[in-house]
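The block underneath contains the structure these notes are about, expressed in structure tokens.
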Amino acid sequence: MSDKKEKNKDKFKSALNVQRGIEQPESINPEVIKKFRGNKKINRSVQEYVDGIINGNRTILGQAITLIESSLPDHNQIAQEIIEKCLPYAGNSIRIGITGVPGVGKSTFIESMGKYITSKGNKLAVLAVDPSSERSKGSILGDKTRMEELATDPDAFIRPSPSAGSLGGVARKTRETIILCEAAGFNTIFIETVGVGQSEIAVHSMVDFFLLLMLAGAGDELQGIKRGIMEMADAIVINKADGENIRKAEQAKNEYQNALHLFPPAPSGWIPKVLTCSSLVKTGIDEVWKVINEFIEKQKSNNFFVLKRKEQAKYWMYESINESLKNNFYQQDNIKKKLKLFEENVLQGKMNSFLAARMLLNEYFNQK
């Protein structure tokens, strides 16, 4: 009887037994992980990077920009040495800032304008200033896939900004990237920013010409436009002036032109222009380029071009000091430990914000 039970038990066990089969590989290829994490080792010397950039090697240029964007101290040190050696070869470009509200057609405009510029024998680099670009639908990170023609143009180079970090940090890295792109022979630089906000101020502080893209037929043309952005613009371009929208675009052009007369004139004597264009059918693009060149010629003739760049260099010296001090403050171990405690005290009303800040700063300066 027991033998019969044992036999049935074995039979029952075998019925539920699952064959092991072939051992399955890892779901993610470890080589791919290694590739995306990047090689932390730097396999080139500073001079090799510099020589590659000056000779127009895009792979080396991209690697050098990655060093600039890196948060690793070793990478930052080498990046600064590369920038220092590239400085004598930089500065020979027209730096153009391009901004506008989401949906204005920035990516189409950049592609149409970019193709026109390269067709004239120029070399173009397109950079972005946006500390939250992964979350923004209008950012260059998303637009790069929609600028297929420009992305494959041998005379164009498109580089998105870092996807995280403070605006000051991202803007500083973009300014340093401009130096490398200029050293690589790009004589026209587009610095694109998303939306209308603080990033426009950062872009304005690193470009020669600031272009504001606007739409017609979106309600009151002047509603919701910040005065500061309007004052910064060297030209306003009404995009999507095609088909039935041409009349609305002309009407918007007149309204913006009238609004600009309310602002005080620029120290250089330049009166901002308002133009219309269609990035889709490529009308008015040549006029925009003509205005940009007219502006640069006027600025150079009255010495405001050089003066503005000197003022920008001074501005970024102070910005770099501020950014470095802030980063150093938050990296201190004793500050990290006390910051959370002080934060809780402020939230619970046990300490006011100003006292907490002063005590933390005293702690920081006393350790020096």
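Numbers below:
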{"read-out": "Unit Cα scatterers, Debye sum, segment 38-89: log10 I(q)/I(0) for q = 0.14, 0.17, 0.19 Å⁻¹", "value": "-0.29, -0.44, -0.55"}
{"read-out": "Residue order, fewest to most surrounding Cβ atoms within 10 angstrom, among Leu87, Leu180, Leu211", "value": "Leu87, Leu211, Leu180"}
{"read-out": "Length released on extending from Ser119 to Ser71, taking residue separation times 0.36 nm less the Cα-Cα span", "value": "13.5 nm"}
{"read-out": "Per-residue Cβ neighbour rank within 10 angstrom, fewest leading, Asp51, Asp242, Asp234, Asp208", "value": "Asp51, Asp242, Asp208, Asp234"}
{"read-out": "Segment Asp333-Gln251, length gained on full extension (0.36 nm per residue, minus Cα span)", "value": "23.6 nm"}
{"read-out": "In nm, spacing of pseudo-spin labels at Leu361 and Thr59 (7 Å Cα→C-beta vector)", "value": "5.0"}
{"read-out": "Sites Leu262 and Met317, calculated FRET efficiency, Cβ-Cβ separation with R0 25 Å, nearest 0.05", "value": "0.15"}
{"read-out": "Inter-label distance for Asn302 and Glu148, nm, one decimal - labels placed 7 Å from Cα along Cα-to-Cβ", "value": "4.5"}
{"read-out": "Sorted by Cβ density within 10 Å, fewest first, the residues Thr283, Thr118, Thr99", "value": "Thr283, Thr118, Thr99"}
{"read-out": "Set Lys273/Lys298; Lys85/Lys308; Lys115/Lys282; Lys106/Lys240; Lys85/Lys115 screened for pairs whose C-alpha atoms are more than 20 Å apart", "value": "Lys85/Lys308; Lys85/Lys115"}
{"read-out": "Within segment 38-89: Cβ-based charge dipole about Cα centre, in debye rounded to nearest 20 (Lys, Arg +1; Asp, Glu -1)", "value": "160"}
{"read-out": "Length gained when the stretch Gln348-Arg309 is fully extended (0.36 nm per residue, less Cα-Cα span)", "value": "9.3 nm"}
{"read-out": "Under-23-angstrom lysine pairs by C-alpha in segment 314-366, whenever the two are 8 or more apart or on separate chains", "value": "9"}
{"read-out": "10 Å binning of all Cα-Cα separations within segment 314-366, expressed as whole percents from 0 upward", "value": "23, 44, 26, 7, 0"}
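Just so you know, all these numbers are worked out from the coordinates, no wet-lab data involved. Computed from a predicted model, the values in this text were never measured in an experiment. Reconstructed Cβ throughout: ideal geometry from the backbone, glycine too, with neighbour counts over all protein chains shown.
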